Structure formats: structure tokens, C-alpha cells
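Inspection log for the structure reproduced underneath, given as C-alpha cells.
Values in this text are rule-based calculations from the coordinates and carry no lab data. This structure is a prediction, so every number in the text was calculated from the model and none was measured. Here Cβ is always computed from backbone atoms with ideal geometry, including for glycine, and neighbour counts include all displayed protein chains.
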Amino acid sequence: MTKLEQIEKIVTELDKSEFEAFSVWFEALQAERWDRQMETDAASGKLDHLAEKAFADFRAGKTRRL
């Protein structure tokens, strides 16, 4: 049995309150990892092309107020 299969089995066996606590923890972990990845990508310039496109669209009048 793989680690993932073990985790899946354990999670399915959690009672309601344990599952809710696990869900809160897991969502926070996902958010933290996403934030770190975005910071890394931004610092490395990986997202620069998106900013350049947004500015070009703005200058070209292809945007609207939110």
C-alpha cells in the first residue's frame, strides 16, 4: 500500500469533527504552499509576461472598471 493509499484510508475513517479539523488544516496548507509558489514565481520573473500583457491591454483600452 502506498503512502497516498494509506492517507486516503485514514482520512475516510475520521469521524466528523476530526474530518472537519483535517479539512481546515489541509486548506491552510494548500493556501500556504500556493502563496510560497506565487512568491517564488514573482521573484523569479516568471509572472512578468502576465503583468506586461495586463499593462498592454490597459493601454490599448481593452479593460473595464470593476
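Restricting the search to the range 46-60, which residues are among the acidic types (Asp, Glu) and more than 24 Å from the chain's Cα centre (by Cα)?
ASP57, the sole residue that qualifies.
Could you please find all residues in the range 22-66 being touching a Ser or Thr at 6+ places or on another chain (Cβ under 9 Å) and either part of a loop (DSSP other than H, G, I, E, B) or under 30 Å from VAL11 (Cα atoms) (or both)?
LYS46
Quickly run through the range 1-18 and pick out the residues that are in a helix (DSSP H, G or I) and surrounded by 10 or more Cβ atoms within 10 Å (Cβ to Cβ).
Of everything in the range 1-18, those that are in a helix (DSSP H, G or I) and surrounded by 10 or more Cβ atoms within 10 Å (Cβ to Cβ) turn out to be GLN6, ILE7, GLU8, LYS9, ILE10, VAL11, GLU18.
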